[in-house]
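Notes follow the structure.
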Amino acid sequence: MTEMVRAEVITIGDEILFGQITDTNTQWISTELTNLGIRTVRKTSVGDGAPAILEALHEAHNRADLIIMTGGLGPTKDDITKKTLCEYFGVGMVRNQVALELVTSFFVKRGREMTDLNRTQADLPANAEYIQNDWGTAPGMWFEHRANEGDRSVVYVSLPGVPFEMKSLMTNRILPKLQERFETPIIKHKMIRTVGIGESFLAERIEAWEDALPPHIRLAYLPHFGQVRLRLTATGSATDADRLDRELAEQVARVMPLIGEHVFGFDNDELETVVGRLLTERGLMFGTAESCTGGYIAAQITKTPGSSAYFQGSIVSYANAVKVGQLGVDPATLAEHGAVSEQTVRQMAEGARRALGADIVLATSGIAGPDGGTPDKPVGTIWIACATPDRTVTRLLRLGQYRDQNIQLTTAYGLNMVREQLLASSTYTS
């Protein structure tokens, strides 16, 4: 089998270390490298200082065959990546005429003045192969370097930190070059997406199946807010692609009898898109009546293009007055049982079906936190209800202390309740 190519990703910028921006570059880069059969073995973030960058480069050289850097390539004084690379490689800076022409054209087309500072964007380390940036002035650069005579050659790639510029360069320039430069094994993934079962319970249920997986197929558990993704990864040579696909399909078929009731989709399926697909197949309209989730469920549903075909609308009934006035909740129910109760959430769901003219409605009412709890109803106490033409089903959730987590878990459990009702009711079977 072809030897695995090892990669390291280094992000450069004080703003990342200070927490002022979220580093999404490394995740995206690692995903794209994995798709090529290149394994990311380490990710490092360093500030805008030459000593830290040099240390990261020296350490990465000893571990990796490929080093990808993002950030620090702008025209200002804190953008020191190019100067630091000159020091690292022991070379000078030269002005690249192709880069200069493209930078000049960039400013001319936008009717902006070209300054001496902007021209420095065309200055590159002497050993750099210039990689054209179609969306900005910061250059992409490719290097091949041996630390000492006789050492293996390591590929270094330097990219802008702006995500859309970086992605354009990677997609159109770097990934094709990496495919030419490295002979990589093929990596195949299959994702099984589950909901409503915890990671430890899932692991216990499929333990024997997991233990019987062949050595070239690995399993990873990826939990996220009420869901657990099971990622199967198969590795082989380029000629093994069809065989690996068959083997992954066989393994999925073997595990499905063990966990099928919790599987809502595969690969890139999201719970909200699966619900949307079921609604579309059955020609039904969906709506929400949200209190503690504050419209978050509706936001998840409407992220999907075309969701207007199956989503009628939402009533965010945060105040009791809205529950009574818009949803028809009986004031006596609120007085006797409170807003966070099975009786109230049931009336919310049924009232929203009438008010929205929807076929199926999901309602939520609870104490998301971090305060507002009582001994009888602590933070994390949440009721959900799903009203259909056949019936209304309810469920009590007992979650934790963290507001955002409670909202996202409620959304996952609620949408899964809708999915289960759509699958279970004969009314919706075509």
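Overview of values
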{"item": "Elements of type strands (runs of 3 or more DSSP E) contained in segment 57-143, each with 2 or more residues being under 30 Å from ARG6 (Cα atoms), touching a residue at least 60 places away in the same chain (Cβ under 8 Å) and among the aliphatic types (A, V, I, L, M)", "result": "66-70"}
{"item": "Members of segment 223-250 that are over 16 Å from PRO185 (Cβ atoms) and surrounded by fewer than 19 Cβ atoms within 10 Å (Cβ to Cβ)", "result": "PRO223, HIS224, PHE225, ARG229, ARG231, ARG246, ALA249, GLU250"}
{"item": "Near pairs, Cβ below 6 angstrom, 6+ apart or cross-chain, from segment 220-241 (over 17 Å from GLY260 (Cα atoms) and at pLDDT below 95) to any residue that is surrounded by fewer than 17 Cβ atoms within 10 Å (Cβ to Cβ) and among the aliphatic types (A, V, I, L, M)", "result": "SER237/MET1"}
{"item": "Pair list, Cβ under 8 Å, 6 or more apart: segment 11-39 residue closer than 16 Å to SER158 by Cβ, other residue assigned to a helix (DSSP H, G or I) and polar (S, T, N, Q)", "result": "THR11/ASN25; THR11/THR26; ILE12/THR81"}
{"item": "Check on ILE38, of a type outside the set (Asp, Glu) and either closer than 22 Å to GLN179 by Cβ or surrounded by 16 or more Cβ atoms within 10 Å (Cβ to Cβ) (or both)", "result": "yes"}
{"item": "Within segment 324-342, considering residues that are part of a helix (DSSP H, G or I) and under 16 Å from ASP376 (Cα atoms), the one least open to solvent (accessible area, probe 1.4 Å)", "result": "LEU334"}
{"item": "Failed criterion for TRP142 (all others in (1) in contact with a Lys or Arg (Cβ under 9 Å, 6 or more places away or on another chain); (2) of a type in the set (Phe, Trp, Tyr); (3) surrounded by fewer than 17 Cβ atoms within 10 Å (Cβ to Cβ) hold)", "result": "(3)"}
{"item": "Residues of segment 74-128 satisfying the condition of being among the small types (Gly, Ala, Ser), at pLDDT 90 or above and open to solvent by 30 Å² or more (accessible area, probe 1.4 Å)", "result": "GLY90, GLY92, ALA126"}
{"item": "Filter result (open to solvent by 40 Å² or more (accessible area, probe 1.4 Å) and either in contact (Cβ under 8 Å) with a residue 24 or more places away in the chain or among the acidic types (Asp, Glu) (or both)) within segment 172-183", "result": "ASN172, ARG173, LYS177, GLN179, GLU180, ARG181, GLU183"}
{"item": "Yes/no for ASP404 being within 15 Å of GLY294 (Cα to Cα) and without any contact (Cβ under 8 Å) to a residue 12 or more places away in the chain", "result": "yes"}
{"item": "From ALA385, ALA355, residue being at pLDDT 95 or above and under 29 Å from the mean Cα position of the chain (by Cα)", "result": "ALA385"}
{"item": "Boolean, ARG193 is open to solvent by 60 Å² or more (accessible area, probe 1.4 Å) and of a type in the set (Lys, Arg)", "result": "no"}
{"item": "So VAL361, is it at pLDDT 95 or above, outside any loop (DSSP other than H, G, I, E, B), farther than 18 Å from ASN320 by Cα and under 33 Å from the mean Cα position of the chain (by Cα)", "result": "yes"}
{"item": "Condition met for ASP269 (touching a Pro at 6+ places or on another chain (Cβ under 9 Å), at negative phi and among the acidic types (Asp, Glu))", "result": "no"}
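The values are calculated or read from the model by the stated rules, or taken from the named source; none is laboratory data. Here the structure is a predicted model, which means the values were calculated and not measured. We place every Cβ from the backbone using ideal geometry, glycine too, and count neighbours over all the protein chains shown. For the accessible areas, the whole protein counts, side chains as well, though only heavy atoms, and no ligand, DNA or RNA atoms are used. Shrake-Rupley method; radii C 1.70, N 1.55, O 1.52, S 1.80 Å.
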